[in-house]
Each structure stands twice: as C-alpha cells, then as structure tokens.
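The values are calculated or read from the model by the stated rules, or taken from the named source; none is laboratory data. Because the structure is a prediction, the values reported are computed rather than measured. Using ideal geometry, Cβ is built from the backbone for each residue, glycine included, and neighbour counts are taken over all protein chains shown. Surface accessibility is based on the protein's heavy atoms, side chains included, excluding ligands, DNA and RNA. Shrake-Rupley method; radii C 1.70, N 1.55, O 1.52, S 1.80 Å.
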Amino acid sequence: MNLLKAHLKRKHYKFYHLHYYITSYKETREVSYWSLRRKGISEKLVRVIRSMYDGAMTTVRSGQGKTSAFEIKVGVHQGSCLSPLLFIIVMDADSEHVQHDVPWDMLYADDLIIADISSAKLQERFGEWQEALERKGLKVNADKTETMVCARTAESLQIESLQITDKNGKVLKQVENFKYLGFSNPCPRRK
C-alpha cells in the first residue's frame, strides 16, 4: 500500500484497488509438483516432497471417538512448515501469465492486492486472476474480497462507486479502508 501511496503522490489519477483472499486450496497434488518444476525446483527435491504426501493418512477425533484412518489426496498438510511455501509456489506459478509488477499486483500468501487506474481494467484483471486461480483448484472468497477507490485529492474522488463483480455476478463490497497484512490501509487522499 505504501508503494501505491507514494506513486499516487507523483501522479494525478485515481487508483482502483481490489483486495481479495484465496480461501480454498483443493488442488490435486500434481498441481503442486507441476508448480515446483515450473519454478525450477530439482526433480530430486520434487520426489522428496512427493514422498511426504503420497499415501498420507489421517483420522478425525470427535466427541464420539476417532474415525478409522483414511488417505488425504488433496491440499497440503496442516501445520507443516512446508505448506505455506508450497502454497505460494503454486500461487506464483499458476498466476505468472496474469501478474503485473509491484505496485499494481502485490501477493503475499493468500492475500492479493490488484490496482489499476481504470475500473474497467480492474474488472478485467480480476476476472483473469480468478480464472487462473480457479483453473488450478484455488477459490476466491467473494464475501471477504473488498474494493476501494483512491485519489490524490478529494475533488477528483467524487464519491465514486466501484462495481466489480466475480464470475458468478456477485458484486464485491466497496470500502474506504481495508486491512492488509494486519495493517489498516485507508484510502490515500488529500483534503
């Protein structure tokens, strides 16, 4: 956000922000292995990681007792220090063809900010990101996704409504500030 704020100070146009969460990671393990190879990880290391996941079994404990063991065939191991790294490698490899440079796209774990100077272009780019992620089994949580309009001056802002929709036609919520990486990010504008 600070990069966008600094860029906004030098320019005289509005920014349209889209901040969204990727909430479901249900891809097959093959997507993880494909992503590792795509990012240049050696085949030996891919085989080591694969050996950690092939045949992985678990049980579920509840108030009624414990289930019998069953195989886990999708996703990453919860609690594993390798899981966040695998997730971001999948995100990066899968979105290479739609990514733009900072400050236009900022990706950190399951948070993504997309910015553009045109609301129409932001809608188009959101659709490209959503399609790219969902093609590999990642889901965008439209209920947590937020949009924001920022401008250098209050006059140029003119309380503009930003109507960005997901592929199902759900209109994303517009806010005046949002949290990114635990920090509140108000719309940068001068009064």
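Can you send over the carbon and sulfur percentage of the accessible area for the stretch 23-146, probe radius 1.4 Å, protein chains only?
53
Leaving out same-chain residues fewer than 8 places away, which aspartates and glutamates sit with a Cα under 14 Å from that of K173?
Cα-Cα hits under 14 Å: D143, E146, E160.
For an R0 of 35 angstrom, estimate the FRET efficiency from the Cβ-Cβ distance between I72 and T165 and round to the nearest 0.05.
Efficiency for this residue pair is about 0.55.
Run the reach check for K73 against aspartates and glutamates, Cα to Cα strictly under 13 Å, same-chain hits fewer than 8 apart removed. What comes back?
Once the sequence-local aspartates and glutamates are set aside, what remains near K73 is E27, E30, D54.
Give me the extension gain from D143 to I41: residue separation times 0.36 nm, minus the current Cα-Cα distance, reported in nm with one decimal.
Contour length minus the Cα-Cα distance gives 33.2 nm.
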